[in-house]
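One structure is given below, encoded as structure tokens.
Derivation of every value follows stated rules applied to the coordinates shown; laboratory data play no part. The model shown is predicted, which means the values in this text are computed figures rather than measured ones. Methodologically, a virtual Cβ is constructed for each residue, glycine included, from the backbone with ideal geometry; neighbour enumeration extends over all protein chains shown.
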Amino acid sequence: MAALSPASKKAIANLRAFTAQPTNYYKCPLKRRAAVLILLFADRRGDLRVILTIRSSNLRNYAGQAALPGGKADTLQETPFLTARREAFEEIGLPMSDHKLPTGYEVEHLTELPANLAMTELGVRPCVAYLKTPPPSPRNKNPDAARDLLPKLDAKEVAAVFTAPFYNFLRDKDVDPETRRTVPGEWYKGSWHSWHETAWRMHQFFVPVTPSTVFLASTKPRPPRTKPEPPPETTGGTTPSSAQPKKPADSSGKPPQSTLQPPLPRSFYAIAGDTLQQPRYRVFGMTARILVDCARVAYGEEPEYEHNSHFGDEDMIDRLLKIGRLTPVKKEGEILTRDVMMKAAQAKM
């Protein structure tokens, strides 16, 4: 495993140094608290990759969708990072303590990002961590985080674990030219929609997957259908220093009214066909936005595409709490209507 590239070293340092604004996460009742783990590791080139999952088709919420490891808090005393680590253990087998990891591996808690408001009205705290890879040793001459850790799956919750090039979440095309040439489909699609009566950018990333970057919950990994299959070493992407950054189209978060589309229909969230047999896995919605925000912090760059300029939904969560929403028990039929959001917008911070 190669050492971190200069760009990756700087990204990790930026995340270590990041301090988010005071969070409203701890104001939320227990049943409204959740956390996700953004677990980064270095590939063979020293570029950072992030670990994601495909949720089991048997789950009640978000079945078959791509997600970061995570879930709801168990107790009020459980910190977001502990929640994220516990859920990662349950979903992908990541041990709760470093001494239970393969020899030489270590998880460093880098930072936490502003809380996001999920569609299920949860306050979701993204926790960022770095999976340090050990140097070569007689026991493990070629340490590989994906090979050594990711195949430990819980098939009751996770159908697959896969990895994505972290820096690419700031770009509108696959950074790696070999991937663009050999893997069908495009990397990014985006559009502005009305959500909670505000302009919200729906990001869709289509992550190319190969036998070296996806691990399925079965006795034998099976590769996705790609024609042709790119070699493993071409899937890691390139570092920011080797890519030509472009000025973002607009980072104001205020799109022209003519581009604002109505709320997305339920059919948008449905998964067509066998997700695990696609050459690319779709990452969208809150998961995509969290990854975009994390990459913005890490690399100190704005995306090439239009996006919401603010981080997370701290203000929205605070205003909803002030008007008595996000209560411990969600009432049947309770949804965030336009009237509710207008009332929240008038609440004093």
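Semi-axis lengths, largest first, of the ellipsoid equivalent to segment 1-146 are 28, 18, 14 Å, with √(5λ) applied to each eigenvalue of the Cα gyration tensor. Local charge for Ala129 was computed over the other residues whose Cβ lies under 12 Å away, with Lys and Arg +1 and Asp and Glu -1, and equals -1. With a simple spin-label model that places each label point 7 Å from the Cα along the Cα-to-Cβ direction, the separation between Ser309 and Ser191 comes to 2.5 nm. With neighbour counts taken as other beta-carbon atoms within 10 Å, the residues His99, His109, His310 rank, fewest first, as His99, His310, His109.
Pairs exceeding a 20 Å alpha-carbon distance, out of Lys27/Lys72; Lys9/Lys173; Lys132/Lys173: Lys9/Lys173; Lys132/Lys173.
Could you compute the net charge surrounding Phe205? Neighbours are other residues with a C-beta less than 12 Å from the C-beta of Phe205; K and R count +1, D and E count -1. After counting each charged neighbour, the total is +3. Centre-to-centre, using Cα atoms only, segment 302-341 and segment 1-60 are separated by 22 Å. Listed by chain and number, the aspartates and glutamates whose C-alpha is less than 16 Å from the C-alpha of Lys189, apart from same-chain residues fewer than 8 away, are Asp172, Asp174, Asp250, Glu304, Glu306.
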